[in-house]
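Reviewing the structure listed below.
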Amino acid sequence: MNKRTCLLLACAWLSFFCAAHAGRAQGAHTVEGRVALPDGAQPSHPVKVTLTFNGRRVYENFTDLSGRFSFGGLGRGTYQLTAEGDGLTFETTSVQVEVSAFGSAPQTFTQNVQLSPKNRAGIAPAATVSVEELDPTVPGRAREKYRQGVKKAVGNQPEEAAKLFQEAVKVYPPFYSAQLALAEQLMKLQRHAEALAAYRKAGEAKPDRAEPYVGVGISLVNLQRYEEGIRILRGVVEVDQELAAPYLSLGYAEMMLGDDIVAETHLLRAYELTKASIAHIYLANVYERLEQPAKAIEHLQAYLTENPQTPNASALRSAIEKLRKKLKAGQ
């Protein structure tokens, strides 16, 4: 295939991805929330969250940098959310969420998961909020705005949270946790240029931390500045190959630039570390362009298995059928 054809295919798959995850436009309900410690702080690493229905696993994913998760394409019923314990600081915790929507309009249901400490006596509640909150150089007004912002973020109010975090960093620009939290809320609001600036300021405050660099790279990819994003994200994974967050955006950016062999490696790694189902869609695109329809079919079927209630099931099955015809014609 020539480069133009590859880019057209990539754009087509991107359009499908957007449709598959735009639950509100497709009439599918969404459950979202945040995994947090008892003091409201997020764990220091992604937490695996599983959504089950009648004892059957529907979705499995990892929380993002702000501890948030989201599952779309859901019907009515009672679901169970399970946040997996890390074996050291907190136990596996399960809660129920009732999706009891009426009418045809899609709705979003929020259910946070408060983790149960493995040893309450061994965890200092304030220590997990942020080092800056204990730092006497952080002005009290900045700390208070930060605390208020965290409450709004936990309550899924990103606009209000972003405003409060902006007030905190206006009072004290080197406030790392507030800069990072601001960036995450701006990314959620799809204000990617502003998120990029906030991630960079967080990196200036703590140049030895990985989170800002990951955020910068992902923001650049979201802004379609793929080459810049790839440089940043490749640098991150070279330093820490076990860090889960960079791989999906890195593989996606490489796919969009037609670097399919490298994209395949990073997308497979993304799925290995995060179990993000969308990696199957990207991999199917990569394998079709590499003239490997059997592998493309395998990943589309895997996506359907993991997301049985996706509103785009018929479109996926149609794509699988076309690939099967292509595979048969090539034999």
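When you go through Leu268, Leu248 one by one, which is the residue that is out of contact with any strand residue (DSSP E or B) (no Cβ under 8 Å at 6 or more places or on another chain), buried (at least 19 other Cβ atoms within 10 Å of the Cβ) and of a type outside the set (Ser, Thr, Tyr)? Before the answer, list the steps.
Numbers: Leu268 fails: buried (at least 19 other Cβ atoms within 10 Å of the Cβ).
The unique qualifying residue is Leu248.
When you go through Ile230, Ile218 one by one, which is the residue that is touching an Asp or Glu at 6+ places or on another chain (Cβ under 8 Å), assigned to a helix (DSSP H, G or I) and free of Cβ contacts under 8 Å to residues at least 60 places away in the same chain? Please lay out each step first, then the result.
Values: Ile218 fails: touching an Asp or Glu at 6+ places or on another chain (Cβ under 8 Å).
On inspection, the qualifying residue turns out to be Ile230.
Just to be sure I understand, how many residues within the range 151-173 are of a type in the set (A, V, I, L, M, F, W, C), more than 14 Å from Ala198 (Cβ to Cβ) and out of contact with any strand residue (DSSP E or B) (no Cβ under 9 Å at 6 or more places or on another chain)?
Number of matching residues: 1.
Can you find, within the range 31-51, the residue that is nearest to Leu248 (Cα to Cα) among those that are small (Gly, Ala, Ser) and at pLDDT 80 or above? It would help to see each step written out before you state the result.
Step one: of the range 31-51, the residues small (Gly, Ala, Ser) are 33, 36, 40-41, 44.
Right, trim to at pLDDT 80 or above and you get 33, 36.
Values: Gly33: 21, Ala36: 24 Å.
Filtering the range 31-51 for residues that are small (Gly, Ala, Ser) and at pLDDT 80 or above, the one nearest to Leu248 (Cα to Cα) comes out as Gly33.
Suppose we filter the range 67-86 for residues that are surrounded by fewer than 22 Cβ atoms within 10 Å (Cβ to Cβ) and outside any strand (DSSP E or B); how many remain?
5
Out of (1) at pLDDT 75 or above; (2) among the aliphatic types (A, V, I, L, M); (3) closer than 15 Å to Ala41 by Cα; (4) surrounded by fewer than 21 Cβ atoms within 10 Å (Cβ to Cβ), the odd one out for Val171 is which?
Of (1) at pLDDT 75 or above; (2) among the aliphatic types (A, V, I, L, M); (3) closer than 15 Å to Ala41 by Cα; (4) surrounded by fewer than 21 Cβ atoms within 10 Å (Cβ to Cβ), only one is false for Val171: (3).
Among the numbered criteria (1) at pLDDT below 80; (2) more than 28 Å from Ala302 (Cα to Cα), which single criterion is violated by Asn54?
(2)
Examine the range 200-209 for a residue that is under 21 Å from Phe69 (Cβ atoms) and at pLDDT below 95, and state whether such a residue exists. Reasoning before the result, please.
As a first pass, look at the range 200-209 and keep what is under 21 Å from Phe69 (Cβ atoms): none.
No.
Could you tell me whether the range 256-271 includes any residue that is among the small types (Gly, Ala, Ser), in contact (Cβ under 8 Å) with a residue 24 or more places away in the chain, closer than 22 Å to Phe62 by Cβ and not in a helix (DSSP H, G or I)? Steps first, please.
We begin by selecting, within the range 256-271, every residue among the small types (Gly, Ala, Ser); these are 258, 263, 270.
Filter once more, so that each one left must be in contact (Cβ under 8 Å) with a residue 24 or more places away in the chain: 258, 270.
Next cut, closer than 22 Å to Phe62 by Cβ only: 270.
Narrowing further to those that are not in a helix (DSSP H, G or I): none.
For the range 256-271, residues among the small types (Gly, Ala, Ser), in contact (Cβ under 8 Å) with a residue 24 or more places away in the chain, closer than 22 Å to Phe62 by Cβ and not in a helix (DSSP H, G or I): absent.
The values are calculated or read from the model by the stated rules, or taken from the named source; none is laboratory data. All figures in this text were calculated on a predicted structure; none of them were measured in a lab. Ideal geometry is used to build each Cβ from the backbone, glycine not excepted, and the neighbour counts take in all protein chains shown.
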